[in-house]
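Below is one structure; the comments refer to it alone.
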């Protein structure tokens, strides 16, 4: 786990918040993808990491620094106890992939690992990221023995702005830094 935390610090990548424009609601969109929570509650209890970073100017630059960029839906959140000498536990967010933007050989799902906040339970993270939540993940592959979940699903670490949630029609949330603004997930993908 210690090496995964070091890798997470070494690969902090971000995406600029500028340029996300509000879109007109699309009457044909599946509204079940939106989270019925206030923006401030999205992802609450999921990560205990505090970030100090320099923003990346565009989604294209962020993608260039990422091993994976996918769009998908949260299908679950589980607890991952610390291993070896580490008592740090993680929240593992399973994302069912609906669209691969960057990455080769990506299967039907990927796992995102987040260092869990001290004193917070995995249920709090699961409540902040309900099943079906529409997300984008810019991830760096976890190296070594933690590269895959026990069921063989590849594990990725997001940077501070590498995990984006579509909270409601026309509202995006970056839960790892507590920022929200108008926009849709397509706005934060490379080439947008």
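What are the residues in region 178-192 that are at pLDDT below 90 and surrounded by 18 or more Cβ atoms within 10 Å (Cβ to Cβ), if any?
180
Of the residues that sit in region 160-173 and are at pLDDT 80 or above and surrounded by fewer than 23 Cβ atoms within 10 Å (Cβ to Cβ), which one is farthest from the chain's Cα centre (by Cα)?
Residue satisfying both the conditions and the ranking: 170.
Name the residues in region 105-138 that are over 14 Å from the mean Cα position of the chain (by Cα), closer than 20 Å to residue 71 by Cβ and at pLDDT below 90, would you?
105
The values are calculated or read from the model by the stated rules, or taken from the named source; none is laboratory data. Since this is a predicted model, take the numbers as computed values, not measurements. Note that each Cβ is placed from the backbone with ideal geometry, even for glycine, and that neighbours are counted across all protein chains shown.
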